[in-house]
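Heads up: the structure comes next, in structure tokens.
The values are calculated or read from the model by the stated rules, or taken from the named source; none is laboratory data. These numbers were taken from a predicted model, which means no experiment stands behind them. Glycine gets a Cβ as well: all are built from the backbone with ideal geometry, and neighbour counts include every protein chain shown.
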């Protein structure tokens, strides 16, 4: 148990019974990001089964530590954070640690909750001798940008997105209707079946 401010909180490893709360917080996190950017690749929130499987695999993965925080005497989680160790023998360094989905419910912010969760995740990485850390965050997410820059994370790789039609217009590429590949395959088979054999001519 860890006391944060005047409220005692428990920060512990998530279990399978916590999956509904993890999905709730993931949905809240995604809603926040949608409010910042409307052109993100995002999980399909209607497919709850996939989210359940995602968190089940994270919880059972030995290379992952998924933490939640909840007030004592409450079953409702108010914060979460994940640390994932990636093994890549063909690269240097051969191991890296990724910080994923750090979230604190708005009413529980400014109580050092994120700091406490990050501290536990850093101990997890240290125990595995992982020093190279990675985090991804949405451009324009001021809370995230401030936190990660303060913690000495330096942007080194930019992921940019575009609509294909906008790129084509910019390059002055003529737009012609194109039949889907599956439809073209059907047409090709039909054409082949209706060809007149040369021997019958």
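Rundown of residues vs (1) surrounded by 12 or more Cβ atoms within 10 Å (Cβ to Cβ); (2) modelled with pLDDT under 85; (3) in contact with a strand residue (DSSP E or B) (Cβ under 6 Å, 6 or more places away or on another chain), yes/no style:
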{"residue": "3", "(1), (2), (3)": "no, yes, no"}
{"residue": "9", "(1), (2), (3)": "yes, no, yes"}
{"residue": "12", "(1), (2), (3)": "yes, no, no"}
{"residue": "17", "(1), (2), (3)": "no, no, no"}
{"residue": "28", "(1), (2), (3)": "yes, no, no"}
{"residue": "34", "(1), (2), (3)": "yes, yes, no"}
{"residue": "54", "(1), (2), (3)": "yes, no, no"}
{"residue": "60", "(1), (2), (3)": "no, no, no"}
{"residue": "68", "(1), (2), (3)": "yes, no, yes"}
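Which residues, taken from region 102-133, are surrounded by fewer than 17 Cβ atoms within 10 Å (Cβ to Cβ) and in contact (Cβ under 8 Å) with a residue 40 or more places away in the chain? Residues satisfying the conditions are 105, 112, 128. Total residues in region 133-153 satisfying the condition of being touching a helix residue (DSSP H, G or I) at 6+ places or on another chain (Cβ under 9 Å) and modelled with pLDDT of 95 or more: the figure is 4.
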